[in-house]
Amino acid sequence: MGQSASIWCRDGGPLVNDMAVHVSGGYSCQSDKPGFLDHSHLEPECDVEHLLADVPRELADVLRETRQWGALRCRPWLSTAALRGLLRSLQRCDLLETTERYRDLEDFETCTFALPHAVRWEDLDCDHVVSAGQVFNLEEAESGKIQQLRRTGMQALRQGKIGVVFLVGGANLRFGDGGKPSGCRQKSLKLNSGKSIIQLCCERIRRIAFLCCRHDAASAQRGRPHVDEESGDQDRKTARPSIPVYVMTSRLTHRCVLEHFEANNYFGLHSRDVFFFEQPMSPVLDEFGRLLPQSLGGEFAHAPGGPGQVLKALATSLLLEQMRDRGIDSLHIVGTDNVLARVCDPVFIGFCRDLEIECACKIIDRPDAREEIELFTVRQGTVSTNYADVEEAAFGMGSQEAPDKVREARNQTGDLVFCGSANSFLLTLPFAEEVVGRPLRMHKVLRVIPYLDFHVSARDPQAEELAEARPALPSPLGAMVPLGNPPPSAAGVIPGTWPAETPSPDLACQRALLTAAAEVRAHCSTEPHEGSEAWRCDVHLDSDGPRAVVRVRRAEFGSTSIEGSLCGPMGRDFAIADQVVRHHLHCSLVVPSTPNAIVLESSVLDYFAYTDRAVGVKVSREREFAPFSTHGGQQCAESARRALHMLHCNWVLHVGARIDGDLEGDARLEVSPLLSYDGEGLSAYLASQYALEDTSVPLPSHFASDGEAITVSQDDANLGDCAGGSVEDVADGLDTRPFYFQEYPARLELSRSRAPRFNAGGEMEAACWFCH
């Protein structure tokens, strides 16, 4: 464990400050509700100095200014060493900067949003002037134009001018299970080949590099016989280009992603061409402006700052300088949650180079207004030296923050008029170096983040006395709601006994709580009852560890706050009571049923406001966008598999073959990216595999290239996608690092190569006998 902080931080108002915008078309969306960091309506906190006693003066001043002193309400139960760890954790949170970032949400400039202007391809031949926010539809371009752009893109790739950036730094909060990033979830994706999205992307890079070896790249598009990639038996080939890959991770995903590459030998890429760098992370506040504790000793919930942090992270790791030294002049930034992502798309690259575009974004149609996807719009407003250099700029707006009449605007045919971002961007390196230090407007994203609720048992004499004095808790809307009853619990932490915890570089406590929350949802399969705000389950705190056991099987529906919670109005009284020695501290895991945390994220589209040569390139959703980012809904694994299957079926049908099976059934067709990037080369492959008189492809089928090896590590495939491995794997032993154990073994998986382990036996029983 490692956190006691901010669940009790401060008793503030909910975060309800909506973006104040005036939408083009005469309607507006503006809120007059107070911001969540406005404390003018609160009573002055009493006895703050008692909590801040012996706290370093600089930190005490920060806690007063940010009103986060509630993070210290657990200090009576901490040992001296544990309190020092908590104070160090609060210092690392950089509370002044965090609070300032949240306050910036309340300072929006008045602006309007217009529909991007669609440009016809014939206009490009008439000295057309490119301006910000224009949209070019590749589906409407003539075949000759597409071939020209492809040749231009291939030439840039052949010359080593393009670098690829993978975005794998997300916190996976949409999955809510603390497991692998979507790009590494090969078991959940369930492709015929067993590949992950990252492997598909890497193999597409290898295929493009192979096509660049041809003297005439266009000949590959006409279906020349397949050539063994590794043997090099082909006339008129050039040296294979070097396409460097930069993988952005975070503290939550770095080890998992790195091991995914290492266990699979970098998926055939040269290890010297693959670079890993971490994006910064920052604390997350809940709707009341409080930190979310993930342990008693000082670990708080953190989240990455979104894909917009990619340039800053590249600059901090000195990779931008390395790119310039390698001769790279453009970056293709790609999200790794899209099964159909066309990495190093030569047409996209050629388009940007042909028109000298500084930054471009692939956009797609939106079939559903409720889909969680970033909208591509044109922002019209005054020039701000902080966030824009042009009055009309391409702008990305999250679906959660978009006004309803923007998100649901339709044309005469009933289609949604604002397109969504396909999370595929191309930026020139000079532009990236120019804007890397410019500030970005943060976007508010609501997420569900589980946290720990520390409370004093109401059975304690002092707790019962205080409960009678304060029988109700004000809700976010101001109404009084009765407090729930605390769950039955064993003896808690005795004052002054909780030992110091070892800080975790990869936020092990937070990842473990996400895993436990997923188990709680699975155990309580039904939705919360009406009036219930969250699932709650007991957490046994063991000071001898320090460790905690999440009692998942005892999870019940309940309230986010219970009687005696340190985060509630009585928390202050318990923390400063003269007879605190009479109280034992207890703990519950709270898994909210609705979003409870505000995550601040920036987007790559936010950089588009600094140039008037930022455009959108519209592509076919069916051919280029099939996200896998949730367990259910439009962006689930089943939808992604089906989109990949339908695309590959269309490739096969296009070359004259037939599909023997139900296209709508569960049997799937998959074409290896090493065999074909965009349908090329399939005629020769089918001719070599099937009789000429009856080219009928059965389902399911997997078309693999000649000599393609299974690069998926068997150990990696068997681990599963959630933080916990198989039951047999966990039963082999226990990890000695301090984090949460669960009552049955679906828990955080550790590195097989570096994790300390010992055999099961008496120690296993001693650690977990009380779970049952």
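The values are calculated or read from the model by the stated rules, or taken from the named source; none is laboratory data. Being a predicted model, the structure only gives us computed values, none of them experimental. Reconstructed Cβ throughout: ideal geometry from the backbone, glycine too, with neighbour counts over all protein chains shown. Ligands, DNA and RNA are excluded from the accessible area calculation, which covers all protein heavy atoms including side chains. Shrake-Rupley method; radii C 1.70, N 1.55, O 1.52, S 1.80 Å.
Per-structure values
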quantity	calculated
Qualifying positions in segment 80-93 - open to solvent by 70 Å² or more (accessible area, probe 1.4 Å) and either in contact (Cβ under 8 Å) with a residue 40 or more places away in the chain or hydroxyl-bearing (Ser, Thr, Tyr) (or both)	THR80, ARG84, ARG88
Residue check, ALA341 within 25 Å of the chain's Cα centre (by Cα), among the small types (Gly, Ala, Ser), crowded, with 23+ Cβ neighbours inside 10 Å and under 24 Å from ALA141 (Cβ atoms)	yes
Residue among LEU663, LEU675 that is buried (at least 19 other Cβ atoms within 10 Å of the Cβ) and either among the polar types (S, T, N, Q) or touching a helix residue (DSSP H, G or I) at 6+ places or on another chain (Cβ under 7 Å) (or both)	LEU675
Restricting segment 676-721 to residues that are among the hydrophobic types (A, V, I, L, M, F, W, C) and part of a strand (DSSP E or B), the residue that is modelled with the highest pLDDT	PHE703
Scan of segment 448-458 for residues that are more than 24 Å from GLU601 (Cβ to Cβ) and either open to solvent by 10 Å² or more (accessible area, probe 1.4 Å) or in a loop (DSSP other than H, G, I, E, B) (or both), ordered by number	SER457, ALA458
Test result for LEU96, assigned to a helix (DSSP H, G or I) and out of contact with any Ser or Thr (no Cβ under 8 Å at 6 or more places or on another chain)	no
Output for segment 582-605, where each listed residue is open to solvent by less than 10 Å² (accessible area, probe 1.4 Å) and either assigned to a strand (DSSP E or B) or among the charged types (D, E, K, R) (or both)	LEU585, CYS587, SER588, LEU589, VAL590, VAL591, PRO592, ALA597, ILE598, VAL599, LEU600
Answer from VAL119, VAL130, VAL135 - the residue that is free of Cβ contacts under 8 Å to residues at least 40 places away in the same chain, surrounded by 15 or more Cβ atoms within 10 Å (Cβ to Cβ) and over 23 Å from PRO499 (Cβ atoms)	VAL119
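Each row is one residue, and each column tells you yes or no for (1) open to solvent by 10 Å² or more (accessible area, probe 1.4 Å); (2) modelled with pLDDT of 90 or more; (3) in contact with a strand residue (DSSP E or B) (Cβ under 6 Å, 6 or more places away or on another chain).
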residue: GLU391; (1), (2), (3): yes, no, no
residue: ASP404; (1), (2), (3): yes, no, no
residue: ASN411; (1), (2), (3): yes, yes, no
residue: ASN423; (1), (2), (3): yes, yes, yes
residue: THR428; (1), (2), (3): yes, yes, yes
